[in-house]
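A short worksheet on the structure shown next.
Laboratory data are not the source of any read-out in this text; all were calculated from the coordinates shown. Please read all numbers here as calculations on a predicted model, not as lab measurements. Every residue, glycine as well, gets a Cβ built from its backbone with ideal geometry; the counts of neighbours run over all protein chains shown.
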Amino acid sequence: MSDTDFLRLDDSQFSEEEAHVRDSTREWVSKEFMPRLQEHVRQDGSFPMDLVPQLGELGMFGANLDGYGCAGMNNVAYGLLMQELERGDSGLRSFASVQGSLCMYPIYSYGSDEQKNRWLPRMATGELIGCFGLTEPDFGSFVTGMRTRAERRGDRWILNGTKRWITNGSLAQLAIIWATTDEGVRGFVVETDRPGFETRDIKGKFSLRASVTSELFLQDVEVPDENRLSGVEGFRGPLSCLTQARYGISWGALGAAMACYDEALGYAQDRIVQGGALASKQLVQEKLVFMLTEITKGQLLCLQLGRLKDRGELQPVMVSMAKRNNVDVALRIARDARDILGANGIVDDYQAMRHMVNLETVRTYEGTHDIHTLILGEHITGMRAL
Ligand SMILES: Cc1cc2nc3c(=O)[nH]c(=O)nc-3n(C[C@H](O)[C@H](O)[C@H](O)COP(=O)(O)OP(=O)(O)OC[C@H]3O[C@@H](n4cnc5c(N)ncnc54)[C@H](O)[C@@H]3O)c2cc1C
């Protein structure tokens with residue numbers, strides 16, 4: 001594997017424990033996950049569910065949370081974990097992000113002790129899988145128009161609505177559903193076997209094929225008030241979960257970029273064109289230099305974010321910059337890598353194109369590239385763009 005630690009972060013910036021998390025995750029992904037990936041990519045939207053107990057055992061779910069069977073690692077170790085999962089495939093990192101950042105985190109942060117004890121330990125092992133229902137067919141970037149409704153009936157709630165583009169929707173036993181109520185937006189933990197809860201998988205995806213994406217239909221689904229996340233009100237709830245997931249994505253996208261760089265470099269060194277290695281051509285070197293430079297800059301961005309997060313000083317707008325930048329450069333790196341591979345780059349014996357199409361989703365979900373531009377633009381100018 002090529003060296004992407006150009007600035008020697010290993011010697012001076014990552015602790016032994018952080019490096020160990022990275023290296024052991026990389027090993028697991030390459031030994032256990034990669035041999036299984038192609039069959040799932042070739043199927044239309046599926047995930048190797050038999051690996052989930054191993055993911056749980058290795059502490060990959062809610063890894064930066066404390067207690068309840070979670071690994072309690074710091075945020076740099078957690079970021080490196082995300083990087084290595086996405087070096088495998090964005091679908092694998094998405095699985096862990098949704099479980100940890102979007103489902104365990106809100107229960108951990110806004111749930112009652114009873115809710116935490118009831119659900120978190122079994123989510124940490126992967127016995128219970130969660131999904132996060134925020135996006136709706138008509139509202140993605142601007143969920144303020146959300147139509148899913150929860151009506152209070154005494155000590156119970158009746159939920160109605162449709163959620164679309166929900167990762168792990170049909171695999172989940174628990175859904176975190178965000179809905180409007182007379183009191184504003186509220187979050188509910190909905191067991192997916194409740195009457196009136198149905199799912200339908202979205203087929204025909206070119207991207208994130210090794211991941212299940214579903215629609216959720218809620219028709220008069222009844223939950224007790226004890227399933228409401230009582231510790232948060234309004235859009236702060238879902239947005240704070242998204243900040244957690246976007247943080248992981250910032251690291252994860254670099255993992256995909258590293259896989260592409262590694263593949264392109266190796267290929268260019270071996271491939272002979274016009275009597276010389278492809279890697280000896282100036283235009284190819286320019287692409288490789290771009291890749292390594294952007295990976296290195298992206299890592300520094302993430303590292304500083306992680307240290308700030310550990311000190312409780314992270315601001316969501318900082319995460320916007322990292323998510324926007326790192327996914328963008330990862331996508332450009334994947335495209336360049338695919339280009340260097342020539343015709344071989346379009347078949348799934350090679351990784352670059354799979355990462356490239358995956359990264360198209362990563363660019364769109366968790367706040368699109370342009371939405372993060374608008375967030376940063378408003379932060380800089382104090383003016384909301386029209
Ligand atoms: C594979 C996959 C998995 C997903 N998993 C989940 C999940 O688990 N849970 C969940 O809740 N959601 C999930 N999503 C949904 C995702 O978060 C949304 O797709 C995303 O927020 C964008 O919303 P949209 O698709 O409705 O696009 P739109 O909001 O319609 O945006 C379309 C385009 O318009 C641009 N745009 C929008 N508004 C503006 C503006 N004001 N100015 C300029 N440009 C603008 C956007 O940047 C984008 O380029 C997933 C999506 C995918 C593809």
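Things worth noting here:
- If the condition is being exposed (fewer than 15 other Cβ atoms within 10 Å of the Cβ) and polar (S, T, N, Q), then the range 3-33 contributes Ser12, Ser15, Ser24, Ser30.
- Cβ pairs under 7 Å, 6+ apart, first in the range 81-108 and within 20 Å of Glu360 (Cα to Cα), second in a loop (DSSP other than H, G, I, E, B) and away from the ligand (no atom under 14 Å from the Cβ): Ala96/Met60; Ala96/Phe61
- Residue count for the range 226-260 satisfying the condition of being touching a strand residue (DSSP E or B) at 6+ places or on another chain (Cβ under 6 Å) and in a helix (DSSP H, G or I): 3.
- Counted as qualifying within the range 5-116 are the helices (runs of 4 or more DSSP H) with 2 or more residues that are over 24 Å from Ala334 (Cα atoms), namely 9-12, 16-28, 52-57, 75-88, 105-110.
- Filtered by the rule that a residue be in contact (Cβ under 8 Å) with a residue 60 or more places away in the chain and buried (at least 18 other Cβ atoms within 10 Å of the Cβ), the range 151-171 gives Trp157, Leu159, Trp165, Thr167, Asn168, Leu171.
- Residue check, Asp370 surrounded by 15 or more Cβ atoms within 10 Å (Cβ to Cβ), assigned to a helix (DSSP H, G or I) and either in contact (Cβ under 8 Å) with a residue 24 or more places away in the chain or within 16 Å of the ligand (Cβ to nearest atom) (or both): no
- Residue within the range 47-60 that is free of Cβ contacts under 8 Å to residues at least 12 places away in the same chain and surrounded by fewer than 21 Cβ atoms within 10 Å (Cβ to Cβ) present: yes
- With respect to the conditions (1) free of Cβ contacts under 8 Å to residues at least 40 places away in the same chain; (2) surrounded by fewer than 18 Cβ atoms within 10 Å (Cβ to Cβ); (3) more than 22 Å from Ser97 (Cα to Cα); (4) of a type outside the set (Asp, Glu), Phe139 lacks only one, and its number is (3).
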